[in-house]
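Visitor: Quick one: structure below, then a few questions.
The values are calculated or read from the model by the stated rules, or taken from the named source; none is laboratory data. Because the structure is a prediction, the values reported are computed rather than measured. Quick reminder, even Gly has a Cβ in these numbers, built from the backbone with ideal geometry, and neighbours come from all protein chains shown. SASA here: full protein model, heavy atoms, side chains in, ligands and nucleic acids out. Shrake-Rupley method; radii C 1.70, N 1.55, O 1.52, S 1.80 Å.
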Amino acid sequence: MAKKPKKTVTGRVLHDPVKDKLRPIFPLDLSKIKTIDDLVRAMGNTAYTARQVGDAADVLEAMARDKDCFVVMTLSGALTVGKMGLVFCDLIESGIVKAVVSTGALMAHGLVEATGLSHFRYDPSKMNDNELFLAGYNRVYDSLEPETNLDHVEEVVDAIFESWDPKEVVCSWKLHRRIGEYLTKHTTGRGILRSAYEHNVPVFVPAFSDSELGLDFALNKYGRQRDHRPLLHFDPFEDFEKFANTMMATKKMGIFTVGGGVPRNWSQQFGVYAELMARRGYKQLPLKRYSYGVRICPEPVHWGGLSGSTYTEAVSWGKFVPREEGGQLAEVLEDATVALPLVVGAVLERLKYFKH
């Protein structure tokens, strides 16, 4: 019979970590690293943010392999200017992501990329910000979006608006599907909206007016008013109803959040909506909570914003299944341009997505 640990003179009982089934951590041995997955698995056996990256890959893999799980990806920040667009294409084309909720800016900058135009490095020794403005270069931290790019996007989007039947209500997922269709027919490069169209993945932009595409819609409306032509009508609740009906039909839900803001909150509040529908007597619905969650965002929780709020906080709102009931949740407090390629690259390798 095993001996029980004895109490020391200071009152402590020193346990054996092996008998307590604690998980050991190990030094990261670069000599054994051959692939992204090797690196991420090794990071998961270390500490701090590296361990968060490893844990996030494990949860993303679990939701990708769960055949009952419908995965929503939410995006904020200038991640297409940051050249993460093809990572999102891979997530869609691999079948992991079934719906996208994003900022409008991310889609607009991605459309620039998908139509064959470029973003550029910012060199502060050449121009200051006022000089950039006069030259038509819009700065996003260390990168530049030429105004001519956005004029090109406006031409593409305006052509789509001009072909729109005024009797049909406009909403973001319908518009992004039309843009994806245009890209499929008229371009050869990869892009998030083209991938979404080809794989029947709806793309929602809840804060549509806060974007270049929203400004293009406003300009189109102004032109129609000036020319006394029928106006197009935009209804954001068409988006919400499409998303709600889609999620209501799922067996299990997962969310992969990059950044935070409106896309994260809009996607998460579906669970609250479903609970209110039942509790306030509109419709008898079961609790609809996310069973999986992976979040990549460096914002700290103590600032009080939603972007930095933890998944455990969201449990209190009925948005997530708690860990004690089987919820699998992972959070990486890191810049997405660092953590995203590691997490996604490792999972895609595990799923044998890359063909060499």
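Visitor: Going down the table (Lys34/Lys352; Lys167/Lys283; Lys67/Lys174; Lys34/Lys83; Lys252/Lys283), which pairs top 22 Å between alpha carbons? Each step should come with its number before you reach the end.
Guide: Numbers: Lys34/Lys352 15 Å; Lys167/Lys283 30 Å; Lys67/Lys174 27 Å; Lys34/Lys83 24 Å; Lys252/Lys283 20 Å.
Pairs exceeding 22 Å: Lys167/Lys283; Lys67/Lys174; Lys34/Lys83.
Visitor: Towards the positive end of the charge dipole of the chain, with charges on Cβ (+1 Lys, Arg; -1 Asp, Glu), say which of Pro322, Leu219, Phe270 has the farthest Cα.
Guide: Going by the charge dipole, the pick is Pro322.
Visitor: When the helix-only estimate is applied to the chain (DSSP H runs of n ≥ 4, each -39,500 (n - 2.57), divided by the residue count), what is the mean residue ellipticity at 222 nm, nearest 500 deg cm²/dmol? Before the final figure, lay out each step's value.
Guide: On the way: 13 runs with 159 residues, N = 356.
Per the formula, -14000 deg cm²/dmol.
Visitor: How large is Rg over Rh for the chain, taking Rg from the Cα atoms and Rh as the Kirkwood inverse mean of 1/r across Cα pairs?
Guide: Details: Rg = 23.4 Å, Rh = 22.4 Å.
My calculation puts Rg/Rh at 1.04.
Visitor: Mind pulling the angle between the C-alpha long axis of helix 48-65 and the longest principal axis of the chain? Nearest 10 degrees, somewhere in 0 to 90.
Guide: The helix 48-65 is inclined about 70 degrees to the chain.
Visitor: If I compute solvent accessible area with a 1.4 Å probe over the protein chains, what percent of it on the chain is carbon and sulfur? Show your work: numbers first, answer last.
Guide: On the way: 10480 of 19160 Å².
Carbon-and-sulfur percentage of accessible area, whole number: 55.
Visitor: Grab the eigenvalues of the alpha-carbon gyration tensor for the range 162-287, scale each by 5, take roots, and send me the semi-axes largest first in whole angstrom. Please list the in-between numbers first.
Guide: Numbers: eigenvalues 172, 79, 36 Å².
They are 29, 20, 13 Å, listed from largest to smallest.
Visitor: Highest mean first, how do 275-286, 318-329, 98-109, 254-265 rank when packing is the count of other Cβ atoms within 10 Å averaged over residues? Spell out each step's value before the answer.
Guide: Working: 275-286: 11.4, 318-329: 16.8, 98-109: 25.6, 254-265: 23.7.
Order by mean packing, descending: 98-109, 254-265, 318-329, 275-286.
Visitor: Taking 30 Å as R0, compute the FRET efficiency from the Cβ-Cβ separation of Thr310 and Phe237 and round it to 0.05. Please report the intermediate quantities before stating the final value.
Guide: Numbers: r = 29 Å, r/R0 = 0.98.
The computed FRET efficiency comes out at 0.55.
Visitor: At a 10 angstrom cut-off on C-beta neighbours, averaged per residue, how do the peptides 21-34, 136-149 rank from highest to lowest? Please report the intermediate quantities before stating the final value.
Guide: Numbers: 21-34: 9.0, 136-149: 16.4.
The densest-packed peptide leads the list: 136-149, 21-34.
Visitor: For a test of the definition: using alpha carbon positions, the gyration tensor, and the 1.5 limit on a/c, classify the range 267-356 as rounded, prolate or oblate. Working shown, then result.
Guide: Details: a/c = 2.76, a/b = 1.60, b/c = 1.72.
Oblate shape, in that a/c is at least 1.5 and b/c is the bigger or equal ratio.
Visitor: Let me ask something additional. Rounded to the nearest 20 debye, what is the charge dipole size of the range 45-173 about its Cα centre when +1 sits on each Lys and Arg Cβ and -1 on each Asp and Glu Cβ? Walk me through the numbers on the way to the answer.
Guide: On the way: 9 positive and 21 negative charges, 101 e Å.
Computed about the Cα centre, the dipole is about 480 debye.
Visitor: Give the percent of DSSP beta bridges with both residues in the chain that are antiparallel, rounded to the nearest 5. Could the numbers behind the result be given before it?
Guide: Details: 7 of 33 bridges.
Antiparallel bridges: around 20 percent, rounded to the nearest 5.
Visitor: With +1 assigned to the C-beta of every Lys and Arg and -1 to the C-beta of every Asp and Glu, and no other charges, what is the dipole magnitude of the range 180-262 about the Cα centre in debye, to the nearest 20? Before the final figure, lay out the partial values.
Guide: Values: 10 positive and 10 negative charges, 41 e Å.
For the range 180-262, the charge dipole is close to 200 debye.
Visitor: Treating only the Cβ of Lys, Arg, Asp and Glu as charged (+1, +1, -1, -1), what charge dipole size does the range 220-344 show about its Cα centre? Round to the nearest 20 debye. Show your work: numbers first, answer last.
Guide: Working: 16 positive and 13 negative charges, 119 e Å.
Roughly 580 debye, rounded to the nearest 20.
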